[in-house]
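Before I ask anything, let me first share the structure, which is written out below as structure tokens.
The values are calculated or read from the model by the stated rules, or taken from the named source; none is laboratory data. The structure presented is a predicted model; accordingly, all values stated were derived computationally and were not measured. Counting neighbours? That spans all protein chains shown, and the Cβs are built from the backbone with ideal geometry, glycine included.
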Amino acid sequence: MDFKQASRYLDDALVFGIKPSLDRIEAILGLMGSPQKETDYIHVVGTNGKTSTTIMAAAILKGMGYKSAYHISPHIDSYTERIWLDGSLISEDSFARAFNRMYPYIEKVNRMDLGGPITQFEMVTALTFMIARDEGIKVMVQEAGMGGRWDATNAAYSLVAGLTGVSLEHTHILGETIEEIAREKVEVIKAGARAATISTDRRVLDIFRKKADDVGAKHYVYGKDFEITAKRSLGISGWEVDLKGIRGKYTDIGLPLPGDYQPSNLALAVAMAELYMDLEGRTPDPGAVRESLSGIYIRGRFDILNNDPMVIADASHNPEGIEKFCRAAGEYFPGRKKTIIFAVLSDKDYKSMIRKIIGTADRLILTTSGDSRSLALQELEKEVLAAVNRGEDEGFPGEILVMDTVENSLNYALKISGTNDIICITGSITNLEHVYKVF
């Protein structure tokens, strides 16, 4: 198979859904010679901020001379976005060659009685483990797909685990309370490993500490063991941050990522790098940390694509993420007219997301990404109008429009917006493929 055929095969595997189990991933890894045992792993779990934290940690470790990599999910345009190898995303040809080597093992696992065929995420995760081994990667930072306990990424023994935070999401699988979800996520903390968290939720911290104590893992908490000592906003250009780490101090770190949540993600990324390097008696060099982050770019995270008018693509897809997005939009662009293009998946807490969006948008364009899980436009419009009629927010959109696609919505917004206006696309990562086609 070439890359397009491999991608189509993986896309088609979405019909196999999400199956909480490690049976299939462990089976295929066993057939492949257990490649996950040949690389060191750092595991990042949490509700929001996982991708940013993962990318920053991998960049720091590369800056310290390690042959490092990362595995994130989902992607926006291409499966190649998910695997970064020591400075570059994997090429389409390399991805396809690796997939072809793995394909016979997929067929073998699918013939086993393991609760159905291997899922898309399980295949990509197994492929990532194999690629890391074959490329001689020293340490890979991997982002959990969902939860932790039964996530395919949990098939590897991670020397370090990082927890960003916990809020309600995927409740039909992970549990209906913060405590239940936290218990699923902390299951990535392995015996004798090290773990750090930036969560400040007492419920989450109690569960985090108990899990670490139960398995004999050293644990570190933000505000006690490491913290941001100062941060200076550079507006949409990001931040300048001072950190007290677990092992060292880091000052004047330029972080070119907007959003008041990114300095916290940075604190966790530095802490994880420290904990990993500490295993070899090393500490990150502050100068190398500054250099490794100076040009960092994370696609789809308050991503500014155009300046006249300002166009921002954002992957926020749950109430916590949307709240942070709306806060950033208000802080960075006070008094400027905001057109928000909003499409959301039906399995998200879209009612809570809508309540936050309608208080921020001056003009709201409702649309769909065309994904099979997208909330139907008729239902989305009904929920938005119901929220407006209930008067739940102080501000309301002066105009609410409904359009058939994200691309048409964006092109329309570009035509009618003034130079000083802000156009934002948010609600789901599935929206962004269509945005990047326009830009």
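Look at Ala269 and say whether it is of a type outside the set (S, T, N, Q), under 17 Å from Val141 (Cα atoms) and out of contact with any strand residue (DSSP E or B) (no Cβ under 7 Å at 6 or more places or on another chain).
Yes; evaluated as a whole, the condition is true for this residue.
Hey, can you tell me all the residues within the range 428-439 that are in a helix (DSSP H, G or I) and not acidic (Asp, Glu)?
If the condition is that a residue be in a helix (DSSP H, G or I) and not acidic (Asp, Glu), then Ile429, Thr430, Asn431, Leu432, His434, Val435, Tyr436, Lys437, Val438 are the ones that fit.
With the requirement that a residue be β-branched (Val, Ile, Thr) and either not assigned by TED's automatic domain parsing to the domain that holds Thr177 or not in a strand (DSSP E or B) (or both), what does the range 135-155 give you?
Result: Ile137, Thr153.
Just wondering, is there one or more residues in the range 82-97 that are small (Gly, Ala, Ser), under 16 Å from Leu29 (Cβ atoms) and either in contact (Cβ under 8 Å) with a residue 12 or more places away in the chain or surrounded by fewer than 23 Cβ atoms within 10 Å (Cβ to Cβ) (or both)?
no
Considering (1) in contact with a strand residue (DSSP E or B) (Cβ under 8 Å, 6 or more places away or on another chain); (2) without any contact (Cβ under 8 Å) to a residue 12 or more places away in the chain; (3) among the charged types (D, E, K, R), say which one Asp421 fails and leave the rest.
For Asp421, the failing item is (2).
Could you check Trp150 against (1) among the aromatic types (Phe, Trp, Tyr); (2) within 16 Å of Tyr41 (Cβ to Cβ); (3) buried (at least 17 other Cβ atoms within 10 Å of the Cβ) and say which number it fails?
(2) is the only condition that Trp150 fails.
Can I ask one more? Out of the range 414-427, which residues are part of a loop (DSSP other than H, G, I, E, B) and within 11 Å of Ile341 (Cα to Cα)?
Scanning the range 414-427 gives a single hit, Gly427.
Consider Tyr70 against the criteria (1) in contact with a helix residue (DSSP H, G or I) (Cβ under 7 Å, 6 or more places away or on another chain); (2) part of a helix (DSSP H, G or I); (3) at pLDDT 95 or above: it satisfies all of them except one. Which criterion is unmet?
(2)
Just need a number here: residues in the range 214-272 that are out of contact with any helix residue (DSSP H, G or I) (no Cβ under 8 Å at 6 or more places or on another chain) and crowded, with 21+ Cβ neighbours inside 10 Å.
4
Scan the range 273-300 residue by residue and report those that are touching a helix residue (DSSP H, G or I) at 6+ places or on another chain (Cβ under 9 Å), closer than 22 Å to Ile189 by Cα and of a type in the set (A, V, I, L, M).
Once the filter is applied, which keeps residues that are touching a helix residue (DSSP H, G or I) at 6+ places or on another chain (Cβ under 9 Å), closer than 22 Å to Ile189 by Cα and of a type in the set (A, V, I, L, M), the range 273-300 yields Ala273, Met277.
Follow-up question, since we're still on this one. For the range 385-413, which positions are over 13 Å from Lys337 (Cα atoms), part of a helix (DSSP H, G or I) and at pLDDT 95 or above?
Scanning the range 385-413 gives Val406, Glu407, Asn408, Ser409, Leu410, Asn411, Tyr412.
From the set of residues in the range 233-270 that are among the charged types (D, E, K, R) and within 19 Å of Arg194 (Cα to Cα), which is modelled with the highest pLDDT?
Lys244
Contact list please: Cβ distance under 7 Å, first residue in the range 1-27 and at pLDDT 95 or above, second residue not in a helix (DSSP H, G or I) and not aromatic (Phe, Trp, Tyr), pairs at least six apart or on different chains.
Tyr9/Met1; Asp23/Leu114; Asp23/Gly115; Arg24/Leu114; Arg24/Ile118; Ala27/Met112; Ala27/Leu114
Among the residues of the range 400-415, which ones are over 13 Å from Ser369 (Cα atoms) and in contact (Cβ under 8 Å) with a residue 60 or more places away in the chain?
Ala413, Leu414
While we're here: Please state which one of Val186, Val221 is touching a Phe, Trp or Tyr at 6+ places or on another chain (Cβ under 8 Å), assigned to a helix (DSSP H, G or I) and at pLDDT 95 or above.
Val186
Checking Glu169 against (1) closer than 24 Å to Asp347 by Cβ; (2) modelled with pLDDT of 95 or more; (3) of a type in the set (Asp, Glu), which test does it fail?
Result: Glu169 passes all but (2).
Consider the range 104-134. How many of its residues are touching an Asp or Glu at 6+ places or on another chain (Cβ under 9 Å) and either within 30 Å of His317 (Cα to Cα) or part of a loop (DSSP other than H, G, I, E, B) (or both)?
The qualifying residues number 8.
Looking at the range 383-435, which of its residues are under 29 Å from Ser78 (Cβ atoms) and either of a type in the set (A, V, I, L, M) or not assigned by TED's automatic domain parsing to the domain that holds Tyr350 (or both)?
Met403, Val406, Leu410, Ala413, Leu414, Ile422, Ile423, Ile425, Ile429, Leu432, Val435
Within the range 345-391, how many residues are in contact with a Gly (Cβ under 6 Å, 6 or more places away or on another chain) and surrounded by 22 or more Cβ atoms within 10 Å (Cβ to Cβ)?
0
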